[in-house]
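Everything below concerns the one structure shown next.
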Amino acid sequence: MYKSWWKIASILLLIYTVVGGFLMKVPALPALQETIRNLYFHVCMWFAMMILFTVSVVNSIKYLRTFNLKYDIYARHYAAVGIVMGALGYATGAIWMTYTWADPNNPAFQSFSALAREPKLIGAAIALLIYFAYMVLRDSISDMDKRARISSVYNIFAYAMLFPSIWILPRVMDSLHPGREGNPALNTSDIDSSMRIVFYPAVIGWTLLGVWITTLKIRLHLLKEKQLLS
Amino acid sequence: MMQLKKIIGSLLLVMLSVAGNAQEKEVQMGDVMRDNGRIYVVVAVLLTILIGLILYVIRLDKKITRLEKDK
């Protein structure tokens, strides 16, 4: 394998996440119970998404500074895998909330429409839709330089929109989602120290897996580009 | 490629033998896989899926490396 040490690190960290995530002790909490273990999977998806989007926007800025098309290709694939991570985070969150927020004794949360009004869900949906638009915009322009320039500028806008939609709005409004008062899962008061020893390696492991898949996509894209030229 | 196939083949054989063993010991209680509400079974299933996915990504990686070398 090409430059493999961090790929091996990713594999080992993920195996540790699954084993440690299921077998280590977690604090007993009402309503959450064992589902708190989802922290090692659901929350890591969002962390990985945020990191991949950040790498993507850095590459877009690099493109605009150098006009080297390589960076535009990097930015596109980092954003694509970021979207996949975000979609997985959204799907896992949907399952998790169904069994923890929906309470048959509380009529306010009985129906899905009540849950769907969650600001965190709406914010995350907006953020993902903006990135879908990035993909559509980028892949619909056939001129290479124009495509790279327009999509790089749009990517910076999309990244900027992440902050109001997933960081600020859910904190301003009432939400059932935990972590409203600070940074979810990073706050010392809302994550038990026994969970940190699995959570941080899990974040690194999932992020590295995302980066690995992205590098594969980038290398394939560059190969295709080379074939077109020759 | 051949090496990977051999590894996967031997892994399958190991799994089969484990499954065979488990059936013989049906009456015996309290072994590792049946301990703790059988959570270890879930861990084993998830590990299998994870390792399967990782092997797939490794294979893709190798294929792309080979394509890059052909250039």
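The values are calculated or read from the model by the stated rules, or taken from the named source; none is laboratory data. All values derive from a computational prediction rather than experimental measurement. Because the Cβ atoms are built from the backbone with ideal geometry, glycine has one as well, and the counts that use them run over all protein chains shown. The protein model used for the area step is the full one, side chains on, heavy atoms only, and it has no ligands, DNA or RNA in it. Shrake-Rupley method; radii C 1.70, N 1.55, O 1.52, S 1.80 Å.
For the reader, a short list of remarks on this structure follows.
- Residues satisfying the stated conditions in the stretch A:13-45, i.e. within 20 Å of B:Ile49 (Cβ to Cβ) and free of Cβ contacts under 8 Å to residues at least 12 places away in the same chain: A:Ile15, A:Val18, A:Val19, A:Leu23, A:Glu34
- Of the candidates A:Arg65, A:Arg149, A:Arg117, the single residue that is open to solvent by 50 Å² or more (accessible area, probe 1.4 Å), among the charged types (D, E, K, R) and modelled with pLDDT under 85 is A:Arg117.
- Qualifying residue in the stretch A:204-220 (condition: away from chain B (no Cβ under 14 Å), at pLDDT 80 or above and assigned to a helix (DSSP H, G or I)): yes
- A:Phe132 vs. criteria aromatic (Phe, Trp, Tyr), surrounded by fewer than 17 Cβ atoms within 10 Å (Cβ to Cβ) and at pLDDT 85 or above: yes
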